[in-house]
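Undergrad: After the C-alpha coordinates below, expect a handful of questions from me.
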Amino acid sequence: MEKYNNFINGQWIDSEAKEIIKVEDPATAKVIGEIACAKNSEVDLAVSAAKESFNKRILVDMPLLQRAKLMHRIADETRKVAEEGGKLLCYENGKNLAAAIKEFNDVADMFDYYAGLTDKLEGKTIPVSHNVFDYTVLEPFGVSAHIVPWNYPLSMIGRSLACSFATGNSTVIKTAELTPLSATIFAKALQNAEVPAGLINIICGYGNEAGSYLVSHPDVNHVVFTGSVATGKKILHSCADKAIPAIVELGGKSAGIVYPDADLNDVVDSAKHAIFGVAGQICTAMSRLVVHKSVKDELIEKLVDLSKSLKVGPGYEEGSELTPVISSNQLDKVEGYARSGIQQGAEAVHGGKRADREGYFMEATVLNNVTQDMSVAREEIFGPVLSVLEYQDTEEAIAIANDTEYGLGGGVFTKDLNKASWTASKLQAGQVYVNKWFTGSHATPFGGYKQSGYSREKGVDGLKSYLQVKNVGISLN
(Lines give C-alpha, C1' and ligand atoms only; values in the text may rest on other atoms or scores of the structure.)
Protein backbone atom coordinates (compact mmCIF):
# COMPACT_ATOMS: atom_id res chain seq x y z
CA MET A 1 0.00 0.00 0.00
CA GLU A 2 1.66 3.19 -1.21
CA LYS A 3 1.71 6.55 0.55
CA TYR A 4 1.10 9.57 -1.68
CA ASN A 5 1.80 13.26 -1.06
CA ASN A 6 0.57 16.65 -2.22
CA PHE A 7 2.08 18.25 -5.32
CA ILE A 8 3.04 21.82 -4.46
CA ASN A 9 5.43 24.13 -6.33
CA GLY A 10 6.76 21.20 -8.33
CA GLN A 11 7.56 19.12 -5.24
CA TRP A 12 5.94 16.31 -3.26
CA ILE A 13 4.93 17.67 0.13
CA ASP A 14 3.85 15.66 3.16
CA SER A 15 1.27 16.94 5.64
CA GLU A 16 2.85 19.12 8.30
CA ALA A 17 0.27 17.71 10.73
CA LYS A 18 1.28 14.16 9.63
CA GLU A 19 -2.38 13.31 9.11
CA ILE A 20 -3.29 10.84 6.38
CA ILE A 21 -6.41 10.01 4.42
CA LYS A 22 -7.07 6.32 3.79
CA VAL A 23 -8.52 5.49 0.38
CA GLU A 24 -10.76 2.48 -0.15
CA ASP A 25 -11.57 0.23 -3.06
CA PRO A 26 -15.40 0.47 -3.08
CA ALA A 27 -15.65 -2.98 -4.64
CA THR A 28 -14.08 -4.61 -1.57
CA ALA A 29 -14.25 -1.92 1.15
CA LYS A 30 -10.51 -2.46 1.69
CA VAL A 31 -7.92 0.30 2.01
CA ILE A 32 -5.68 0.48 -1.06
CA GLY A 33 -3.61 3.59 -0.37
CA GLU A 34 -2.95 6.62 1.77
CA ILE A 35 -2.38 10.28 0.99
CA ALA A 36 -1.10 13.13 3.08
CA CYS A 37 -4.03 15.20 4.31
CA ALA A 38 -3.59 18.85 3.37
CA LYS A 39 -4.35 21.30 6.15
CA ASN A 40 -4.25 25.11 6.19
CA SER A 41 -0.44 25.10 6.05
CA GLU A 42 -0.42 23.08 2.81
CA VAL A 43 -3.15 25.27 1.33
CA ASP A 44 -1.04 28.33 2.17
CA LEU A 45 1.97 26.76 0.46
CA ALA A 46 -0.01 25.89 -2.67
CA VAL A 47 -1.66 29.30 -2.96
CA SER A 48 1.63 31.05 -2.29
CA ALA A 49 3.33 29.04 -5.04
CA ALA A 50 0.52 29.82 -7.48
CA LYS A 51 0.55 33.51 -6.57
CA GLU A 52 4.32 33.75 -6.97
CA SER A 53 4.25 32.09 -10.37
CA PHE A 54 1.47 34.43 -11.48
CA ASN A 55 3.22 37.54 -10.17
CA LYS A 56 6.36 36.47 -12.03
CA ARG A 57 4.13 36.28 -15.12
CA ILE A 58 5.66 32.93 -16.07
CA LEU A 59 2.61 31.85 -18.03
CA VAL A 60 1.20 35.29 -18.80
CA ASP A 61 4.32 36.49 -20.61
CA MET A 62 5.12 33.14 -22.20
CA PRO A 63 4.84 33.45 -26.00
CA LEU A 64 1.50 31.98 -26.94
CA LEU A 65 2.97 29.45 -29.35
CA GLN A 66 5.30 28.29 -26.58
CA ARG A 67 2.35 28.02 -24.18
CA ALA A 68 0.49 25.95 -26.77
CA LYS A 69 3.49 23.65 -27.22
CA LEU A 70 3.71 23.20 -23.45
CA MET A 71 0.04 22.23 -23.37
CA HIS A 72 0.57 19.71 -26.17
CA ARG A 73 3.49 18.31 -24.16
CA ILE A 74 1.22 17.94 -21.11
CA ALA A 75 -1.25 16.08 -23.34
CA ASP A 76 1.45 13.73 -24.62
CA GLU A 77 2.78 12.95 -21.15
CA THR A 78 -0.74 12.40 -19.82
CA ARG A 79 -1.41 9.79 -22.50
CA LYS A 80 1.79 8.00 -21.49
CA VAL A 81 0.50 7.52 -17.93
CA ALA A 82 -3.12 6.81 -18.91
CA GLU A 83 -2.90 3.07 -18.30
CA GLU A 84 -1.12 3.40 -14.96
CA GLY A 85 -3.34 6.22 -13.78
CA GLY A 86 -6.50 4.63 -15.14
CA LYS A 87 -5.84 1.45 -13.18
CA LEU A 88 -5.42 3.42 -9.96
CA LEU A 89 -8.57 5.42 -10.72
CA CYS A 90 -10.47 2.20 -11.38
CA TYR A 91 -9.48 0.85 -7.96
CA GLU A 92 -10.21 4.00 -5.95
CA ASN A 93 -13.43 4.96 -7.75
CA GLY A 94 -14.80 1.55 -8.72
CA LYS A 95 -15.66 2.45 -12.30
CA ASN A 96 -14.93 0.35 -15.36
CA LEU A 97 -11.22 0.17 -16.21
CA ALA A 98 -11.69 1.29 -19.82
CA ALA A 99 -13.68 4.32 -18.63
CA ALA A 100 -10.99 5.15 -16.09
CA ILE A 101 -8.24 5.05 -18.71
CA LYS A 102 -10.43 7.17 -20.97
CA GLU A 103 -10.52 9.87 -18.31
CA PHE A 104 -6.76 10.36 -18.60
CA ASN A 105 -7.06 10.48 -22.38
CA ASP A 106 -9.90 12.99 -22.00
CA VAL A 107 -7.55 15.23 -20.03
CA ALA A 108 -5.01 14.95 -22.83
CA ASP A 109 -7.66 15.78 -25.42
CA MET A 110 -8.70 18.85 -23.42
CA PHE A 111 -5.14 20.17 -23.34
CA ASP A 112 -4.73 19.58 -27.06
CA TYR A 113 -8.05 21.28 -27.78
CA TYR A 114 -7.34 24.40 -25.74
CA ALA A 115 -3.73 24.57 -26.90
CA GLY A 116 -5.16 25.37 -30.32
CA LEU A 117 -7.12 28.28 -28.87
CA THR A 118 -4.43 30.00 -26.80
CA ASP A 119 -3.41 32.38 -29.60
CA LYS A 120 -6.98 33.08 -30.68
CA LEU A 121 -8.15 34.91 -27.56
CA GLU A 122 -8.47 38.28 -29.16
CA GLY A 123 -9.59 41.64 -27.91
CA LYS A 124 -11.20 44.27 -30.11
CA THR A 125 -10.91 47.93 -31.06
CA ILE A 126 -13.76 50.29 -30.26
CA PRO A 127 -14.43 53.42 -32.37
CA VAL A 128 -14.70 56.06 -29.65
CA SER A 129 -13.62 59.11 -31.68
CA HIS A 130 -11.07 60.16 -34.27
CA ASN A 131 -8.56 61.20 -31.61
CA VAL A 132 -8.92 58.22 -29.25
CA PHE A 133 -7.57 54.76 -29.96
CA ASP A 134 -9.54 52.37 -27.75
CA TYR A 135 -9.05 48.62 -27.43
CA THR A 136 -9.73 45.70 -25.09
CA VAL A 137 -7.38 43.06 -23.71
CA LEU A 138 -8.37 39.67 -22.25
CA GLU A 139 -6.48 38.92 -19.05
CA PRO A 140 -6.44 36.06 -16.51
CA PHE A 141 -7.75 36.50 -12.97
CA GLY A 142 -4.64 35.24 -11.16
CA VAL A 143 -4.85 32.32 -8.74
CA SER A 144 -7.70 30.00 -9.70
CA ALA A 145 -8.85 27.42 -7.11
CA HIS A 146 -10.54 24.25 -8.41
CA ILE A 147 -12.45 21.85 -6.17
CA VAL A 148 -13.16 18.67 -8.12
CA PRO A 149 -15.59 15.82 -7.32
CA TRP A 150 -14.97 12.10 -6.91
CA ASN A 151 -17.19 10.72 -9.68
CA TYR A 152 -15.08 11.94 -12.64
CA PRO A 153 -11.99 13.21 -10.83
CA LEU A 154 -9.62 13.33 -13.82
CA SER A 155 -12.14 14.56 -16.37
CA MET A 156 -13.15 17.37 -14.02
CA ILE A 157 -9.51 18.35 -13.55
CA GLY A 158 -9.00 18.37 -17.31
CA ARG A 159 -12.00 20.46 -18.27
CA SER A 160 -11.20 23.27 -15.81
CA LEU A 161 -7.41 23.13 -15.67
CA ALA A 162 -6.91 23.21 -19.45
CA CYS A 163 -9.05 26.36 -19.64
CA SER A 164 -7.30 27.94 -16.68
CA PHE A 165 -3.88 27.17 -18.11
CA ALA A 166 -4.71 28.29 -21.64
CA THR A 167 -5.85 31.68 -20.36
CA GLY A 168 -2.77 32.27 -18.18
CA ASN A 169 -4.07 31.63 -14.67
CA SER A 170 -2.07 29.78 -12.02
CA THR A 171 -4.06 26.96 -10.43
CA VAL A 172 -4.56 25.15 -7.15
CA ILE A 173 -6.59 21.94 -7.41
CA LYS A 174 -8.15 20.27 -4.37
CA THR A 175 -9.04 16.68 -5.13
CA ALA A 176 -11.84 14.74 -3.44
CA GLU A 177 -10.72 12.75 -0.39
CA LEU A 178 -12.43 9.63 -1.78
CA THR A 179 -10.49 9.60 -5.07
CA PRO A 180 -7.21 11.53 -4.72
CA LEU A 181 -4.64 8.94 -5.76
CA SER A 182 -5.02 9.00 -9.55
CA ALA A 183 -4.42 12.76 -9.61
CA THR A 184 -0.90 12.14 -8.32
CA ILE A 185 -0.20 10.16 -11.49
CA PHE A 186 -1.35 13.16 -13.50
CA ALA A 187 1.00 15.31 -11.43
CA LYS A 188 3.84 13.03 -12.53
CA ALA A 189 2.85 13.74 -16.13
CA LEU A 190 3.10 17.47 -15.36
CA GLN A 191 6.60 16.93 -14.04
CA ASN A 192 7.56 14.92 -17.11
CA ALA A 193 6.21 17.72 -19.30
CA GLU A 194 8.49 20.14 -17.42
CA VAL A 195 5.69 22.49 -16.37
CA PRO A 196 7.30 25.38 -14.45
CA ALA A 197 6.89 25.04 -10.70
CA GLY A 198 3.93 26.77 -9.11
CA LEU A 199 1.72 27.00 -12.17
CA ILE A 200 -0.25 23.86 -11.21
CA ASN A 201 -0.55 22.61 -7.63
CA ILE A 202 -2.58 19.55 -6.57
CA ILE A 203 -3.55 18.95 -2.95
CA CYS A 204 -5.94 16.64 -1.11
CA GLY A 205 -7.78 17.52 2.07
CA TYR A 206 -11.26 17.42 3.52
CA GLY A 207 -13.80 19.78 2.01
CA ASN A 208 -14.83 21.37 5.29
CA GLU A 209 -11.18 22.05 6.12
CA ALA A 210 -8.84 22.46 3.15
CA GLY A 211 -11.66 23.20 0.70
CA SER A 212 -13.28 25.85 2.84
CA TYR A 213 -9.96 27.49 3.65
CA LEU A 214 -8.90 27.45 0.00
CA VAL A 215 -11.96 29.25 -1.40
CA SER A 216 -11.82 31.85 1.38
CA HIS A 217 -8.08 32.42 1.01
CA PRO A 218 -7.33 36.13 0.45
CA ASP A 219 -4.91 35.35 -2.38
CA VAL A 220 -7.39 33.26 -4.40
CA ASN A 221 -8.94 35.31 -7.21
CA HIS A 222 -11.24 32.80 -8.91
CA VAL A 223 -13.03 29.58 -7.89
CA VAL A 224 -14.30 26.54 -9.81
CA PHE A 225 -16.52 24.02 -8.02
CA THR A 226 -18.47 20.90 -8.96
CA GLY A 227 -20.56 19.26 -6.26
CA SER A 228 -23.69 19.54 -4.16
CA VAL A 229 -26.05 22.51 -4.07
CA ALA A 230 -25.55 22.98 -0.32
CA THR A 231 -21.74 23.12 -0.58
CA GLY A 232 -21.92 25.21 -3.74
CA LYS A 233 -24.00 27.86 -1.99
CA LYS A 234 -21.50 28.04 0.86
CA ILE A 235 -18.71 28.54 -1.66
CA LEU A 236 -20.69 31.24 -3.46
CA HIS A 237 -21.20 33.07 -0.16
CA SER A 238 -17.46 32.91 0.45
CA CYS A 239 -16.74 34.22 -3.04
CA ALA A 240 -19.31 37.00 -2.58
CA ASP A 241 -17.56 38.10 0.60
CA LYS A 242 -14.39 38.59 -1.44
CA ALA A 243 -16.20 39.78 -4.60
CA ILE A 244 -14.48 37.19 -6.79
CA PRO A 245 -16.03 35.17 -9.64
CA ALA A 246 -16.98 31.51 -9.41
CA ILE A 247 -17.92 28.73 -11.82
CA VAL A 248 -20.32 26.29 -10.17
CA GLU A 249 -21.90 23.05 -11.40
CA LEU A 250 -24.25 21.67 -8.78
CA GLY A 251 -25.83 18.48 -10.06
CA GLY A 252 -29.18 17.65 -11.56
CA LYS A 253 -32.33 15.59 -11.83
CA SER A 254 -32.44 15.17 -15.57
CA ALA A 255 -35.51 13.83 -17.37
CA GLY A 256 -35.80 12.09 -20.72
CA ILE A 257 -39.14 12.53 -22.45
CA VAL A 258 -40.20 9.43 -24.40
CA TYR A 259 -42.74 10.16 -27.15
CA PRO A 260 -45.01 7.41 -28.55
CA ASP A 261 -42.99 7.20 -31.77
CA ALA A 262 -39.64 6.78 -30.00
CA ASP A 263 -37.34 3.88 -30.74
CA LEU A 264 -37.47 2.24 -27.31
CA ASN A 265 -34.15 0.52 -27.93
CA ASP A 266 -32.55 3.98 -28.03
CA VAL A 267 -34.04 4.67 -24.61
CA VAL A 268 -32.73 1.38 -23.21
CA ASP A 269 -29.26 1.92 -24.69
CA SER A 270 -29.17 5.36 -23.07
CA ALA A 271 -30.32 3.96 -19.72
CA LYS A 272 -27.46 1.44 -19.74
CA HIS A 273 -24.88 4.24 -19.78
CA ALA A 274 -26.75 7.24 -18.39
CA ILE A 275 -28.21 5.76 -15.19
CA PHE A 276 -26.53 2.38 -14.68
CA GLY A 277 -23.08 3.36 -15.97
CA VAL A 278 -20.67 4.45 -13.20
CA ALA A 279 -23.43 3.16 -10.87
CA GLY A 280 -25.53 6.20 -11.73
CA GLN A 281 -23.03 8.58 -10.12
CA ILE A 282 -23.30 11.12 -12.93
CA CYS A 283 -24.37 14.76 -12.60
CA THR A 284 -26.35 14.55 -15.84
CA ALA A 285 -27.67 11.06 -15.14
CA MET A 286 -30.91 10.14 -16.90
CA SER A 287 -32.52 9.63 -13.51
CA ARG A 288 -36.10 10.24 -14.70
CA LEU A 289 -37.96 8.93 -17.71
CA VAL A 290 -41.21 10.72 -18.58
CA VAL A 291 -42.97 8.15 -20.76
CA HIS A 292 -46.20 8.31 -22.77
CA LYS A 293 -48.74 5.90 -21.33
CA SER A 294 -49.13 4.08 -24.68
CA VAL A 295 -45.54 2.80 -24.62
CA LYS A 296 -44.76 2.71 -20.92
CA ASP A 297 -45.51 -0.97 -20.29
CA GLU A 298 -43.38 -2.07 -23.24
CA LEU A 299 -40.52 0.17 -22.15
CA ILE A 300 -40.72 -1.10 -18.57
CA GLU A 301 -40.30 -4.66 -19.83
CA LYS A 302 -37.23 -3.69 -21.81
CA LEU A 303 -35.73 -1.82 -18.85
CA VAL A 304 -36.27 -4.82 -16.59
CA ASP A 305 -34.58 -7.07 -19.16
CA LEU A 306 -31.65 -4.64 -19.28
CA SER A 307 -31.36 -4.53 -15.50
CA LYS A 308 -31.35 -8.32 -15.25
CA SER A 309 -28.68 -8.62 -17.93
CA LEU A 310 -26.12 -6.27 -16.35
CA LYS A 311 -23.07 -8.00 -14.97
CA VAL A 312 -22.38 -6.78 -11.45
CA GLY A 313 -18.75 -6.53 -10.41
CA PRO A 314 -15.63 -4.42 -9.84
CA GLY A 315 -14.50 -2.20 -12.67
CA TYR A 316 -11.27 -4.15 -12.96
CA GLU A 317 -13.14 -7.40 -13.71
CA GLU A 318 -13.66 -7.92 -17.42
CA GLY A 319 -17.24 -7.44 -18.53
CA SER A 320 -18.48 -5.66 -15.40
CA GLU A 321 -21.32 -3.29 -16.27
CA LEU A 322 -22.79 -2.35 -12.89
CA THR A 323 -19.90 -1.24 -10.69
CA PRO A 324 -20.00 -0.18 -7.02
CA VAL A 325 -21.08 3.17 -5.63
CA ILE A 326 -18.26 5.12 -4.05
CA SER A 327 -18.70 4.48 -0.32
CA SER A 328 -20.71 2.94 2.47
CA ASN A 329 -22.40 6.26 3.17
CA GLN A 330 -23.37 6.64 -0.48
CA LEU A 331 -24.77 3.11 -0.57
CA ASP A 332 -26.88 3.85 2.52
CA LYS A 333 -28.16 7.03 0.88
CA VAL A 334 -29.04 5.39 -2.44
CA GLU A 335 -30.75 2.42 -0.82
CA GLY A 336 -32.64 4.80 1.46
CA TYR A 337 -34.01 6.71 -1.51
CA ALA A 338 -35.15 3.50 -3.20
CA ARG A 339 -36.85 2.39 0.00
CA SER A 340 -38.60 5.74 0.43
CA GLY A 341 -39.86 5.60 -3.16
CA ILE A 342 -41.39 2.18 -2.55
CA GLN A 343 -42.92 3.35 0.72
CA GLN A 344 -44.45 6.34 -1.07
CA GLY A 345 -46.14 4.12 -3.67
CA ALA A 346 -43.60 3.41 -6.41
CA GLU A 347 -43.22 -0.16 -7.66
CA ALA A 348 -39.72 -1.63 -7.80
CA VAL A 349 -40.02 -3.68 -10.97
CA HIS A 350 -36.34 -4.49 -10.55
CA GLY A 351 -33.88 -3.94 -7.73
CA GLY A 352 -34.62 -1.61 -4.86
CA LYS A 353 -31.90 -2.68 -2.44
CA ARG A 354 -28.17 -3.21 -2.09
CA ALA A 355 -26.65 -6.22 -3.79
CA ASP A 356 -25.87 -9.25 -1.65
CA ARG A 357 -22.10 -9.24 -2.06
CA GLU A 358 -18.88 -7.75 -0.74
CA GLY A 359 -18.35 -4.04 -1.35
CA TYR A 360 -20.71 -1.14 -1.97
CA PHE A 361 -22.95 -2.46 -4.73
CA MET A 362 -26.52 -1.32 -5.37
CA GLU A 363 -28.90 -3.31 -7.55
CA ALA A 364 -29.93 -1.76 -10.85
CA THR A 365 -33.23 -0.27 -9.74
CA VAL A 366 -36.21 0.62 -11.91
CA LEU A 367 -39.12 2.30 -10.11
CA ASN A 368 -42.46 2.32 -11.94
CA ASN A 369 -45.53 4.44 -11.20
CA VAL A 370 -43.46 7.28 -9.77
CA THR A 371 -45.26 10.59 -9.23
CA GLN A 372 -43.82 14.08 -9.02
CA ASP A 373 -44.44 14.43 -5.28
CA MET A 374 -42.11 11.52 -4.44
CA SER A 375 -38.57 12.21 -3.25
CA VAL A 376 -37.16 9.85 -5.90
CA ALA A 377 -38.63 12.17 -8.55
CA ARG A 378 -37.41 15.41 -7.00
CA GLU A 379 -34.06 14.84 -5.30
CA GLU A 380 -30.71 13.88 -6.76
CA ILE A 381 -29.96 10.29 -5.72
CA PHE A 382 -26.56 9.77 -7.40
CA GLY A 383 -27.00 6.04 -7.78
CA PRO A 384 -28.38 3.42 -10.20
CA VAL A 385 -32.03 4.27 -9.54
CA LEU A 386 -34.30 5.10 -12.48
CA SER A 387 -37.72 6.67 -11.87
CA VAL A 388 -40.38 6.16 -14.55
CA LEU A 389 -43.25 8.67 -14.70
CA GLU A 390 -46.26 8.54 -17.01
CA TYR A 391 -47.81 11.36 -19.05
CA GLN A 392 -50.78 11.66 -21.39
CA ASP A 393 -50.13 14.79 -23.46
CA THR A 394 -47.12 16.79 -24.56
CA GLU A 395 -47.71 19.80 -22.31
CA GLU A 396 -47.88 17.49 -19.30
CA ALA A 397 -44.57 15.87 -20.29
CA ILE A 398 -42.84 19.25 -20.51
CA ALA A 399 -44.34 20.32 -17.18
CA ILE A 400 -43.14 17.16 -15.44
CA ALA A 401 -39.64 17.42 -16.90
CA ASN A 402 -39.29 21.07 -15.84
CA ASP A 403 -40.82 20.59 -12.40
CA THR A 404 -37.49 20.42 -10.60
CA GLU A 405 -35.12 22.84 -8.92
CA TYR A 406 -32.37 21.54 -11.20
CA GLY A 407 -31.64 22.28 -14.85
CA LEU A 408 -28.45 20.52 -15.87
CA GLY A 409 -29.61 18.08 -18.55
CA GLY A 410 -32.62 16.78 -20.39
CA GLY A 411 -33.47 14.46 -23.23
CA VAL A 412 -35.98 13.72 -25.97
CA PHE A 413 -36.70 10.40 -27.68
CA THR A 414 -38.68 10.68 -30.92
CA LYS A 415 -38.32 10.02 -34.65
CA ASP A 416 -39.81 13.46 -35.37
CA LEU A 417 -36.94 15.95 -35.42
CA ASN A 418 -39.32 18.91 -35.55
CA LYS A 419 -40.90 17.67 -32.32
CA ALA A 420 -37.44 17.07 -30.86
CA SER A 421 -36.33 20.61 -31.65
CA TRP A 422 -39.54 22.08 -30.26
CA THR A 423 -39.20 20.06 -27.07
CA ALA A 424 -35.55 21.03 -26.65
CA SER A 425 -36.60 24.69 -26.78
CA LYS A 426 -39.07 24.09 -23.94
CA LEU A 427 -36.78 22.17 -21.61
CA GLN A 428 -35.12 24.25 -18.90
CA ALA A 429 -31.69 22.66 -19.07
CA GLY A 430 -28.15 23.54 -20.03
CA GLN A 431 -27.88 20.64 -22.48
CA VAL A 432 -30.49 18.54 -24.22
CA TYR A 433 -29.80 15.13 -25.77
CA VAL A 434 -31.92 13.79 -28.62
CA ASN A 435 -32.28 10.00 -29.08
CA LYS A 436 -28.99 9.34 -27.34
CA TRP A 437 -27.84 10.48 -23.92
CA PHE A 438 -24.37 12.08 -23.76
CA THR A 439 -23.91 13.43 -27.28
CA GLY A 440 -21.44 16.16 -26.23
CA SER A 441 -17.66 16.39 -26.45
CA HIS A 442 -14.83 18.54 -25.14
CA ALA A 443 -15.88 21.14 -27.76
CA THR A 444 -19.47 21.53 -26.52
CA PRO A 445 -20.33 23.91 -23.66
CA PHE A 446 -21.47 22.32 -20.42
CA GLY A 447 -23.37 23.88 -17.52
CA GLY A 448 -26.72 24.25 -15.87
CA TYR A 449 -29.84 26.32 -15.36
CA LYS A 450 -31.54 27.07 -12.03
CA GLN A 451 -29.98 25.33 -8.99
CA SER A 452 -27.64 23.37 -11.25
CA GLY A 453 -25.32 26.35 -11.30
CA TYR A 454 -24.08 28.84 -13.87
CA SER A 455 -21.19 29.69 -16.20
CA ARG A 456 -20.00 27.13 -18.71
CA GLU A 457 -17.19 24.63 -18.92
CA LYS A 458 -15.74 23.09 -22.09
CA GLY A 459 -15.78 24.42 -25.62
CA VAL A 460 -14.91 27.95 -26.67
CA ASP A 461 -17.55 29.24 -24.26
CA GLY A 462 -15.63 27.75 -21.36
CA LEU A 463 -12.72 30.15 -21.88
CA LYS A 464 -14.91 33.18 -21.15
CA SER A 465 -15.24 32.23 -17.50
CA TYR A 466 -11.47 32.31 -16.96
CA LEU A 467 -10.82 35.75 -18.42
CA GLN A 468 -11.57 39.35 -17.53
CA VAL A 469 -11.73 42.28 -19.92
CA LYS A 470 -9.44 45.31 -19.66
CA ASN A 471 -10.22 48.43 -21.67
CA VAL A 472 -7.44 50.78 -22.78
CA GLY A 473 -8.07 54.22 -24.25
CA ILE A 474 -5.23 56.21 -25.80
CA SER A 475 -5.56 59.90 -26.57
CA LEU A 476 -4.00 60.69 -29.93
CA ASN A 477 -3.85 64.47 -29.38
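Undergrad: Looking for something touching a residue at least 24 places away in the same chain (Cβ under 8 Å), surrounded by fewer than 18 Cβ atoms within 10 Å (Cβ to Cβ) and among the hydrophobic types (A, V, I, L, M, F, W, C) - is there at least one such residue anywhere in the range 445-453?
TA: no
Undergrad: Looking for whichever is among the aromatic types (Phe, Trp, Tyr), crowded, with 20+ Cβ neighbours inside 10 Å, in a helix (DSSP H, G or I) and touching a residue at least 40 places away in the same chain (Cβ under 8 Å) here; the options are PHE165, PHE225. Which one fits? Give the steps one after another, and end with the answer.
TA: Numbers: PHE225 fails: in a helix (DSSP H, G or I).
PHE165 is the lone residue from the list that is among the aromatic types (Phe, Trp, Tyr), crowded, with 20+ Cβ neighbours inside 10 Å, in a helix (DSSP H, G or I) and touching a residue at least 40 places away in the same chain (Cβ under 8 Å).
Undergrad: A further question follows. Among the numbered conditions (1) assigned to a helix (DSSP H, G or I); (2) among the polar types (S, T, N, Q); (3) buried (at least 21 other Cβ atoms within 10 Å of the Cβ), tell me where ASN105 comes up short.
TA: Condition not satisfied by ASN105: (3).
Undergrad: Just the residues that are over 17 Å from the mean Cα position of the chain (by Cα), touching a residue at least 60 places away in the same chain (Cβ under 8 Å) and either under 17 Å from ASP76 (Cα atoms) or surrounded by 18 or more Cβ atoms within 10 Å (Cβ to Cβ) (or both), please, taken from the range 108-143.
TA: Result: TYR113, TYR114, LEU117, LEU121, PRO140, PHE141, GLY142, VAL143.
Undergrad: Which residue out of GLY352, GLY319, GLY341 is in the same structural domain as GLY383 (by TED's automatic domain parsing), without any contact (Cβ under 8 Å) to a residue 24 or more places away in the chain and farther than 21 Å from LEU97 by Cα?
TA: None of the others qualify; the one that does is GLY352.
Undergrad: Can you pull out the strands (runs of 3 or more DSSP E) entirely within the range 3-54 that have at least 3 residues that are in contact with a helix residue (DSSP H, G or I) (Cβ under 8 Å, 6 or more places away or on another chain)?
TA: Details: elements: 6-8, 11-13, 20-25, 30-36.
Once the strands (runs of 3 or more DSSP E) in the range 3-54 are filtered for at least 3 residues that are in contact with a helix residue (DSSP H, G or I) (Cβ under 8 Å, 6 or more places away or on another chain), what remains is 6-8, 20-25, 30-36.
Undergrad: Considering ASP266, ASP261, which residue is outside any loop (DSSP other than H, G, I, E, B) and surrounded by fewer than 21 Cβ atoms within 10 Å (Cβ to Cβ)?
TA: Values: ASP261 fails: outside any loop (DSSP other than H, G, I, E, B).
Being outside any loop (DSSP other than H, G, I, E, B) and surrounded by fewer than 21 Cβ atoms within 10 Å (Cβ to Cβ) holds for just one of ASP266, ASP261, which is ASP266.
Undergrad: Evaluate the range 457-471: report whether one residue or more is in contact (Cβ under 8 Å) with a residue 12 or more places away in the chain, more than 17 Å from the chain's Cα centre (by Cα) and in the same structural domain as ILE381 (by TED's automatic domain parsing).
TA: Scanning the range 457-471, I find no residue that is in contact (Cβ under 8 Å) with a residue 12 or more places away in the chain, more than 17 Å from the chain's Cα centre (by Cα) and in the same structural domain as ILE381 (by TED's automatic domain parsing), so the answer is no.
Undergrad: Moving on to the next point. Looking at the range 304-326, is at least one residue over 26 Å from TYR91 (Cα atoms) and surrounded by 15 or more Cβ atoms within 10 Å (Cβ to Cβ)? Before the answer, list the steps.
TA: Our first condition is that a residue be over 26 Å from TYR91 (Cα atoms); within the range 304-326, this holds for 304-305.
From what's left, surrounded by 15 or more Cβ atoms within 10 Å (Cβ to Cβ): 304.
Within the range 304-326, one or more residues are over 26 Å from TYR91 (Cα atoms) and surrounded by 15 or more Cβ atoms within 10 Å (Cβ to Cβ).
Undergrad: Among the residues of the range 429-454, count how many are out of contact with any Asp or Glu (no Cβ under 8 Å at 6 or more places or on another chain) and outside any strand (DSSP E or B).
TA: Within the range 429-454, the subset out of contact with any Asp or Glu (no Cβ under 8 Å at 6 or more places or on another chain) is 429-434, 437-441, 443-444, 449, 454.
Still in the running and outside any strand (DSSP E or B): 429-430, 437-441, 443-444.
Here the count works out to 9.
The values are calculated or read from the model by the stated rules, or taken from the named source; none is laboratory data. What you see is a predicted model, and the numbers here were worked out from it, not measured in a lab. Using ideal geometry, Cβ is built from the backbone for each residue, glycine included, and neighbour counts are taken over all protein chains shown.
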